[in-house]
Amino acid sequence: MQIKQISIYNEFQCVGASCSVSCCRGWKIPINHDMYLKYLREKGILGTVLRCSIEKKEDMAAFRSTLHGCPFWGFDRLCRIQKKYGTAYMPTVCIQFPRQLYNLDFFCEETLYLACPEAARLFLVSVLENKPFDFSVTEGDAGYEVNTTNDDKAFLDYLLQSREALISMLKDNTAYNSMSILDYGRDAQNACLAQKTLPNPKDYTSDIYDILDCKKINTLLFNGFYHISLRTISPFLYKLCKKYIHQIYHLSQVNPAAADRKLIRLKENLYQKLPDLDLLLNRYYEYYLFTNFLDIFEDYSFSKHLLYGIVKTHLLWVFIALFAVNKKQITMEELAKIIAVYERRAPQLEDALKRL
Ligand code: SF4
């Protein structure tokens, strides 16, 4: 089995107690079946504590969330299970996070989920140092389950080539939201259905950009992304959403054009603090292609996944811009924190996207 690891993968090390937004808070921690059985069999105080902390609904077992976060997240911001009993007692998800292990049966791709601020920081360092993202390949045993039921190897190879073509467009300075990205995806999908060769990315240019106005942003944010529970599970993101509501949303209800103009001013203000914003957004979209493009293997929809990435990238600058209001500068740690909290919630945008 070929195992491909993205360039920043091996640089990752959890920063533990000094993490700005620990993954031990704001998420339900699912417990894999083997570990669940191990907890059920565990004797003594540990066994009792573990069993009291589990809730099981239908087929899913998880640690009961508290207001503080995971019940085993200590006040020293470290995992009590890991400290006392080692990783052998931790659910698989806790050991793996933020590693994304994608077993496509023919090969595996291992990347880092930017929902971890340390992974996001490594991403930002690569952007700052202009280092490419690529995969290093080793041969080995995956050691984790296959994540797909599709066995269409020819289509998977086609997807790999399409991803390479799209990344070459980004490297040739095509903006992530240029219509040529979506045009290319549509034609690649059609060529695949017609069993024709992959289109040449060099044939695609466009002066049209996919720009979200306030009305669209409101639809995206208020159909699942923003929720009052964010106040508890992600206070930092909640504050940014509130800023959006006060500065843009209320205005958009009475004067949408003025709200759009205010959004443009927010972006101009952000350019002053982050002159390389466009580069950052393009590299963020590039990284999205590395981590998510092969999801097309499951539903054959190029446009859906390319569009989701564009929308996700667009809203990222909105949140960075909201954060930047009244700040003289933005540090890399702050940017990493914004990316991490945003990534945790961004999957909610997928459903809202259907409403646009
Ligand atoms: S979010 Fe990342 S750095 Fe923070 S505690 Fe979790 S794995 Fe460690």
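Computed values, structure above
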quantity: Share of pairwise Cα separations in the stretch 150-356, more than 23 Å, in percent; calculated: 48 percent
quantity: Greater than 21 Å apart at Cα, pairs in Lys243/Lys267; Lys262/Lys327; Lys243/Lys304; calculated: Lys243/Lys304
quantity: Residue-wise HN-Hα coupling along the stretch 292-309, computed from phi with Karplus coefficients 6.51, -1.76, 1.60 (Hz; x: Gly, Pro); calculated: 10, 4, 6, 4, 4, 4, 8, 10, 6, 9, 5, 4, 4, 6, 5, 5, 4, x
quantity: Förster-model FRET efficiency, 35 Å R0, Thr48 and Leu101, C-beta, rounded to 0.05; calculated: 0.60
quantity: Cα-only Debye scattering, the stretch 120-253: base-10 log of I(q)/I(0) at q = 0.10, 0.15, 0.18, 0.19 Å⁻¹; calculated: -0.61, -1.11, -1.14, -1.14
quantity: Note, ³J(HN,Hα) from phi for the stretch 27-33, Karplus 6.51, -1.76, 1.60, rounded to Hz, x at Gly and Pro; calculated: 10, 7, 9, x, 10, 5, 4
quantity: For the stretch 71-85, 3J(HN,Hα) per residue [Karplus equation, 6.51 cos²θ - 1.76 cosθ + 1.60, θ = phi - 60°, Hz, x = Gly/Pro]; calculated: x, 9, 8, x, 5, 7, 6, 10, 7, 5, 5, 5, 4, 8, 10
quantity: Candidate lysines - alpha carbon under 25 Å from Lys28, same-chain residues fewer than 8 apart omitted; calculated: Lys38, Lys43, Lys56, Lys57, Lys83, Lys84, Lys239, Lys242, Lys312, Lys337
quantity: Nonlocal amide H pairs with Leu112, under 5 Å, H built at 1.01 Å; calculated: Gln100
quantity: Calculated on alpha-carbon atoms, Rg and Dmax of the stretch 245-356 in Å; calculated: 15.3, 45
quantity: The chain, accessible surface, carbon-and-sulfur percent (1.4 angstrom probe); calculated: 52 percent
quantity: Sequence-separation-based contact order of the stretch 130-221, relative, with Cα cut under 8 Å and 6+ spacing, percent; calculated: 26 percent
quantity: Length released on extending from Arg80 to Leu40, taking residue separation times 0.36 nm less the Cα-Cα span; calculated: 12.6 nm
quantity: Centroid-to-centroid separation of the stretch 301-355 and the stretch 26-63 [C-alpha atoms, Å]; calculated: 33 Å
quantity: Global geometry of the stretch 24-96, whether rounded, prolate or oblate, following the gyration tensor of its Cα atoms and the 1.5 cut on a/c; calculated: rounded
quantity: Amide H contacts of Ile54 (H built 1.01 Å from N, under 5 Å, at least 5 apart or other chain); calculated: Arg64
quantity: Distant-in-sequence amide H partners of Ala61 (H built 1.01 Å from N, under 5 Å); calculated: Ile31
quantity: Packing rank of 206-214, 165-173, where each peptide gets the mean count of other beta carbons within 10 Å, highest leading; calculated: 165-173, 206-214
quantity: Expected 222 nm ellipticity per residue - DSSP helices of 4 or more, -39500 (n - 2.57), all of the chain, to 500; calculated: -15000 deg cm²/dmol
quantity: Whole-angstrom gap from the stretch 210-264 to the stretch 158-177, using each part's C-alpha centre; calculated: 30 Å
quantity: Global geometry of the stretch 110-191, whether rounded, prolate or oblate, following the gyration tensor of its Cα atoms and the 1.5 cut on a/c; calculated: oblate
quantity: Rounded accessible area of Lys304 (nearest 10 Å², 1.4 Å probe); calculated: 100 Å²
quantity: Chain lengthening between Asn269 and Lys328 when straightened (0.36 nm per residue, less Cα-Cα); calculated: 20.2 nm
quantity: Packing-based ranking, highest mean first, of 183-190, 99-106 given that Cβ atoms within 10 Å are counted; calculated: 183-190, 99-106
quantity: The chain: radius of gyration and largest Cα-Cα distance (Dmax), Å; calculated: 21.5, 68
quantity: Accessible area per residue in Å² at 1.4 Å probe, computed on the chain; calculated: 51 Å²
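The values are calculated or read from the model by the stated rules, or taken from the named source; none is laboratory data. All values reported here derive from a predicted model rather than from experimental measurement. All Cβ positions, even for glycine, are placed from backbone atoms using ideal geometry, and neighbour counts span all protein chains on display. Accessible surface areas use protein heavy atoms only, side chains included; no ligands, DNA or RNA. Shrake-Rupley method; radii C 1.70, N 1.55, O 1.52, S 1.80 Å.
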